[in-house]
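Data first, discussion second: the structure below is written as structure tokens.
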Amino acid sequence: MPRTLANAPIMILNGPTLNLLGQRQPKIYGSDTLADVEALCVEAAAAHGGTVDFRQSNHEGELVDWIQEARLRHCGIVINPAAYSHTSVALLDALNACDGLPVMEVHISNIHQREPFRHHSYVSQRADGVIAGCGVQGYAFAVERVAALAAAGRTDA
């Protein structure tokens, strides 16, 4: 049975230090907390009759495990890999194993206006779209896009 937003949640993954959102570098990341982001995502998915499975980890291997779980139980992935964007071939490999599953990459800040090492993301090589520089609202945009892709049948992992 194809997974849709009606029968499978969107996996929303957050990488290292996002647990400190709202406290860490508010001039870059704003004052919203990760709990605020989760509420925003829940609302965005509910508008399409869906739910989210919202998680955060500072550990690369745990994120890989969750991506592997998502390929079997979710209708899409929204991921803010944070610093792992620029370093993790492991996340890219895990996402590449999610054939047909919509993947959206989110960055709260515009990584292309920041230090040069942040301009490259391994995750972008697999993502169906990248949203950067829209603040936490970028998560809602990403949920909207995954919902659209899932409705079009892009969940045949």
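The values are calculated or read from the model by the stated rules, or taken from the named source; none is laboratory data. Computed from a predicted model, the values in this text were never measured in an experiment. Here the Cβ positions follow ideal geometry from the backbone for every residue, glycine too, while neighbour counts run over all protein chains shown. We work out accessible area using only protein heavy atoms, side chains counted, and drop any ligands, DNA or RNA first. Shrake-Rupley method; radii C 1.70, N 1.55, O 1.52, S 1.80 Å.
Quick one: how many residues across region 89-100 are in a loop (DSSP other than H, G, I, E, B) and modelled with pLDDT of 95 or more?
Residues meeting the conditions: 2.
Please report, ordered by residue number, the helices (runs of 4 or more DSSP H) entirely within region 1-80 with at least 2 residues that are within 13 Å of the chain's Cα centre (by Cα). Before the answer, list the steps.
Numbers: elements: 26-29, 34-46, 60-73.
Passing ranges, in order: 34-46, 60-73.
Please indicate, with yes or no, whether at least one residue in region 19-37 is among the polar types (S, T, N, Q), touching a helix residue (DSSP H, G or I) at 6+ places or on another chain (Cβ under 8 Å), within 21 Å of Cys75 (Cβ to Cβ) and touching a residue at least 24 places away in the same chain (Cβ under 8 Å).
no
Listed here are the residues, each with its yes/no results for (1) more than 15 Å from Glu105 (Cα to Cα); (2) in contact with a strand residue (DSSP E or B) (Cβ under 8 Å, 6 or more places away or on another chain).
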residue: Lys27; (1), (2): yes, no
residue: Ala46; (1), (2): yes, no
residue: Asn58; (1), (2): yes, no
residue: Gly61; (1), (2): yes, no
residue: Glu69; (1), (2): yes, yes
residue: Ala83; (1), (2): no, no
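Would you confirm whether any residue within region 135-142 is among the small types (Gly, Ala, Ser), more than 13 Å from the chain's Cα centre (by Cα) and modelled with pLDDT under 95?
The answer is yes, given that some residue of region 135-142 is among the small types (Gly, Ala, Ser), more than 13 Å from the chain's Cα centre (by Cα) and modelled with pLDDT under 95.
Quick check on region 1-40: of everything there that is of a type in the set (Val, Ile, Thr) and at pLDDT below 90, which residue is most open to solvent (accessible area, probe 1.4 Å)?
Ile28
Find the residue count for region 108-122, including only residues that are touching a strand residue (DSSP E or B) at 6+ places or on another chain (Cβ under 6 Å) and either open to solvent by 20 Å² or more (accessible area, probe 1.4 Å) or at pLDDT 95 or above (or both). Walk me through how you get there before you give the answer.
The initial filter retains those residues of region 108-122 that are touching a strand residue (DSSP E or B) at 6+ places or on another chain (Cβ under 6 Å), namely 110-111.
Imposing the further condition that a residue be either open to solvent by 20 Å² or more (accessible area, probe 1.4 Å) or at pLDDT 95 or above (or both) reduces the set to 110.
Result for region 108-122: 1.
Could you list, in sequence order, the residues of region 55-84 that are of a type outside the set (D, E, K, R), over 23 Å from Ala150 (Cα atoms) and surrounded by fewer than 16 Cβ atoms within 10 Å (Cβ to Cβ)?
His59, Gly61, Ala83
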